[in-house]
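Novice: Right, I'll just put the structure down here and ask away after.
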Amino acid sequence: MLVLNGFIEAGLFKSETNISIPDSQKAILILDEKEGSTLKEKLSRQRNLWAEIRKEIEESDEVLEGEPERLHFRTPTEVDAL
């Protein structure tokens, strides 16, 4: 799989790097969820969301009881077996 970064200009995808792609090559184009969003804007939104989560946790007066449970993240093999 080849991943290309770029942008849409005048209805055409413009890659940030020069590359030759064979005719009739099957491809998938995934667009950012927000039109015109930049990486800097995305990171800023993510930082703001995490700041809100942290604020909520710090301001919470909920008393936690017991021991926290360990999390088990599935391995790629376990995910494929689902």
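Novice: Applying the Karplus parametrisation 6.51 cos²θ - 1.76 cosθ + 1.60 with θ = phi - 60° to the phi angles of the range 67-82, what ³J(HN,Hα) value in whole Hz is obtained for each residue in order, glycine and proline being reported as x?
Specialist: My calculation for the range 67-82 gives 9, x, 7, 6, 8, 10, 8, 5, 7, x, 5, 5, 5, 5, 6, 5 Hz in order.
Novice: Please identify the longest segment of the chain free of exposed trypsin sites (Lys or Arg not before Pro), where exposed means a DSSP state other than H, G, I, E or B and no more than 16 other Cβ atoms within 10 Å. Walk me through the intermediate numbers first.
Specialist: Numbers: sites that count: LYS26, LYS34, ARG70, ARG74.
The longest such stretch corresponds to 35-69.
Novice: Per 0.36 nm of contour for each residue apart, how much would the distance between LEU2 and ARG70 grow if the chain were fully extended, relative to their Cα-Cα spacing? Could the numbers behind the result be given before it?
Specialist: Numbers: separation 68, 0.36 × 68 = 24.48 nm, distance 3.65 nm.
That works out to 20.8 nm of additional length.
Novice: Once both axes come from the Cα atoms, what is the angle between helix 39-59 and the longest principal axis of the chain, in degrees from 0 to 90, rounded to 10?
Specialist: Tilt relative to the chain: about 10 degrees.
Novice: So who's got an amide H within less than 5 Å of the one on ILE8, skipping anything under 5 residues away but keeping other chains? H placed 1.01 Å off N, in plane.
Specialist: Amide H neighbours of ILE8: LYS14.
Novice: Give, in nm to one decimal, the length gained when the segment between SER20 and GLU41 is fully stretched (0.36 nm per residue of separation minus the Cα-Cα distance).
Specialist: Values: separation 21, 0.36 × 21 = 7.56 nm, distance 3.04 nm.
Computed gain between SER20 and GLU41 is 4.5 nm.
Novice: Here is a further query. So how strong a dipole does the chain carry about its Cα centre when Lys and Arg Cβ are +1 and Asp and Glu Cβ are -1, to the nearest 20 debye?
Specialist: Numbers: 11 positive and 18 negative charges, 128 e Å.
Rounded to the nearest 20 debye, it is 620 debye.
Novice: Sum up the charges of everything whose Cβ sits under 11 Å from the Cβ of ALA51, counting Lys and Arg as +1 and Asp and Glu as -1, but leave ALA51 out. Could you put the intermediate results ahead of the total?
Specialist: Numbers: positive: ARG45, ARG47, ARG54, LYS55; negative: GLU52, GLU56, GLU58.
Within the 11 Å Cβ shell, the charges total +1.
Novice: Continuing with this model, one more query. Suppose all protein chains stay in the model; what accessible area per residue would a 1.4 Å probe give for the chain, in Å²?
Specialist: Numbers: 9010 Å² over 82 residues.
In whole numbers, the chain has 110 Å² accessible per residue.
The values are calculated or read from the model by the stated rules, or taken from the named source; none is laboratory data. Values in this document were obtained by computation on a predicted structure and should not be read as measured data. Ideal geometry is used to build each Cβ from the backbone, glycine not excepted, and the neighbour counts take in all protein chains shown. To get the accessible areas, we keep the full protein, side chains included, count just its heavy atoms, and leave off ligands, DNA and RNA. Shrake-Rupley method; radii C 1.70, N 1.55, O 1.52, S 1.80 Å.
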